[in-house]
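Right, one structure below, let's go through it.
Each reported figure results from applying straightforward, stated rules to the coordinates on display, with no laboratory input. Predicted model only: the values in this text are computed from it and were never measured. Using ideal geometry, Cβ is built from the backbone for each residue, glycine included, and neighbour counts are taken over all protein chains shown.
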Amino acid sequence: MSKLYVIGIGPGAYEQMTGKAITAMQNSDTIIGYTVYVDLVKEHFPGKEFMTTPMKKEVDRCVLAFEEAKKGKTVSMICSGDAGVYGMSGLMYEVGEKYPDIELEIIPGVTAATGGAAVLGAPLIHDFCLISLSDLLTPWEKIEARLLGASQADFVIVLYNPSSIKRHDYLQKACDLMMQYKSEDTVCGIVSQIAREGEEYHVMTLKELRDTKVDMFTTVFIGNSQTKELNGKMVTPRGYRNV
């Protein structure tokens, strides 16, 4: 049976890939992914065949991976972060229904929430949720409901895809929604270019976050009512008692 790995490569740095991910790519004949992600790993796996597709060609990329595996190759489909968190693994299983003879194995990676949390300090020590602000695949009405629900329940909230050229005001809209239930003084943080050249982070209040410019390479963290700033880091206590 042909083998097809779906691999989360983490934020981008080779050192933040799991050993299992590295071994799978070393054992692969072909590595396939979005152009930007392939460029991140290419130098570490010389002699491999690399194939890419541009953004918004995800289905084509999945079909390409299965077709290459069908030729008897061992193939790695790579994604940034974790392939099972806003990644390609779900789509790979859907496309894979047409390729029953090809074995899929999912290999997890460090997602932006955990990678960014390590840079900021310790923001995710209590219950948290991930919400993408991209309305490409999710209606804004659902995103709005999730922001309100998570804020009312006092979750720490991590925002993926917080802004783009077409969605330049979405973070501002999200902050306005969250401030219906969260204090404007809630401790927040942003991390850009996690584990890549140019990485930087900032800790601020929710009110300050509202007017902060971010991009698609930024991950946003909104604390709960107990989150505090300690020595310039964002820290959420483990519980609500004795804090």
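Using the average count of surrounding beta-carbon atoms within 10 Å as a protection proxy, the listed peptides 177-185, 2-10 rank, highest first, as 2-10, 177-185. Which whole-number percentage describes the relative contact order of the chain, with Cα contacts under 8 Å and a sequence gap of 6 or more? About 20 percent, as a whole number. Cross-link pairs exceeding 28 Å in C-alpha to C-alpha distance, out of Lys57/Lys98; Lys70/Lys142; Lys142/Lys166, comprise Lys70/Lys142.
When a/c reaches 1.5 or more, the comparison of a/b and b/c decides; with that in mind, is the stretch 161-205 rounded, prolate or oblate per its Cα gyration tensor? Oblate, because a/c is 1.5 or more while a/b does not exceed b/c.
When you count the other C-beta atoms within 10 angstrom of each residue and take the mean per peptide, 64-72, 117-125, 76-84 line up highest first as 76-84, 117-125, 64-72. Based on alpha-carbon atoms, the Kirkwood radius and the radius of gyration of the chain give Rg/Rh equal to 1.02.
Of the trypsin sites (Lys or Arg not before Pro) found in the stretch 186-232, those in coil by DSSP whose Cβ has at most 15 other Cβ atoms within 10 Å are Arg196, Lys213.
Once a ≥ b ≥ c are taken as the square roots of the eigenvalues of the Cα gyration tensor of the stretch 128-243, is the result rounded (a/c under 1.5), prolate (a/b larger than b/c) or oblate (a/b not larger than b/c)? Oblate.
The share of alpha-carbon pairs in the stretch 1-145 lying farther apart than 17 Å comes to 62%.
Peptides 89-101, 157-169 ordered by packing proxy, namely the average of other Cβ atoms within 10 Å per residue, highest first: 157-169, 89-101. For Met77, nonlocal amide neighbours, meaning residues 5 or more places apart or on other chains whose placed amide H falls under 5 Å from its own, are Tyr5, Val6, Ile7, Ile32. Which of rounded, prolate or oblate describes the stretch 75-204 when judged by the alpha-carbon gyration tensor and an a/c cut-off of 1.5? It comes out prolate by the Cα gyration axes. Coupling constants for the stretch 43-50 follow from the phi torsions by the Karplus curve (6.51 cos²θ - 1.76 cosθ + 1.60, θ = phi - 60°), and in residue order they are 5, 8, 10, x, x, 8, 7, 10 Hz; glycine and proline get x. In this Cβ point-charge picture (+1 for Lys and Arg, -1 for Asp and Glu), the stretch 64-127 has a dipole of about 200 debye about its Cα centre. Placing +1 on each Lys and Arg Cβ and -1 on each Asp and Glu Cβ, with no other charges, gives the chain a dipole about its Cα centre of roughly 160 debye.
Structural descriptor for the stretch 187-234: relative contact order 47 percent, calculated from alpha carbon pairs under 8 angstrom and at least 6 residues apart.
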